[in-house]
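The structure appears right after this line, and notes come after that.
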Amino acid sequence: MYAIVEMAGQQFKVAKDQKVYVHRLQGEVGSKVTFDNVLLIDDKGNVTIGAPAIEGASVTAQILSHLKGDKVIVFKKKRRKGYIKKNGHRQYLSEIQIESIAASGAKKSVKKESAPKAEVKGEATTDYSSMTVAELKAAAKEQGISGYTSLKKAELIEALTK
């Protein structure tokens, strides 16, 4: 089971017992942090996608340590001008360990996705005016109407509604 979670402005793919380095979090070492902005959950091939986040889903983690990342050198130079600037930067990070991924509310979003698809299919078969000429010709071919290739859109709609 894994999840895609937004933590401290960045998105991470996390699994249970995984260690992740994120931007510095507010909290003491050893305290627990809960992230509610879960974008996707995969539970043994059963994928739930949020729009934009999954309601009720959360990821719980424990802060293991606060540290500084590796030094990043920023070097700027303009040739033949004598312009050289050298800067360094070390990002403040927090090391966290994912303890649990709670997927409560995952079933609700699956039901919402499946219901509108059935309604769209029912509307597309009865509303011929919103269909293109190619779609109308395909529908006429399925119903066995002869001479549908030379008919115009209005004539195709009239023939299909009879």
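What follows draws every value from the coordinates through simple rules; no lab data is involved. Predicted, not measured: the structure shown is a model, and the values here were computed from it. All Cβ positions, even for glycine, are placed from backbone atoms using ideal geometry, and neighbour counts span all protein chains on display.
Would you mind getting me the FRET efficiency between A8 and V47? Use the beta-carbon distance for r and R0 = 30 Å, nearest 0.05.
Taking R0 as 30 Å, the efficiency between A8 and V47 is 0.75.
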Given the DSSP H assignment, sum -39500 (n - 2.57) over each helix run of at least 4 residues in the chain and divide by its residue total; what's the result at 222 nm in deg cm²/dmol, nearest 500? -8000 deg cm²/dmol
The local net charge around G69, scoring Lys/Arg +1 and Asp/Glu -1 for residues other than G69 whose Cβ lies under 15 Å from its Cβ, equals +3
Entries in K13/K85; K19/K85; K19/K44; K19/K71; K19/K86 that, when Cα-Cα distance is taken, lie over 28 Å: K13/K85; K19/K85; K19/K86
Largest-first ellipsoid semi-axes for the chain, taking √(5λ) over the Cα gyration tensor eigenvalues, angstrom: 56, 28, 10
Only Cα pairs within less than 10 Å get springs; with that Gaussian network setup on the chain, which residue of S130, S31, S104 has the largest fluctuation? S130
At what distance in nm do the modelled label points of E158 and R80 sit from each other, each positioned 7 Å from its Cα along Cα→Cβ? 7.8 nm
Using packing as a proxy for protection, rank 143-154, 13-24 so that the peptide with the highest average count of other Cβ atoms within 10 Å comes first. 13-24, 143-154
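Any chance you could run the full-extension gain for V133 through M1? It's 0.36 nm times the residue separation minus the Cα-Cα distance, nm to one decimal.
On the way: separation 132, 0.36 × 132 = 47.52 nm, distance 4.64 nm.
Taking 0.36 nm per residue and subtracting the Cα distance, the gain is 42.9 nm.
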If you fit an axis through the alpha-carbon atoms of helix 133-143 and take the longest principal axis of the Cα set of the chain, what angle between them do you get, 0 to 90°, nearest 10? 60 degrees
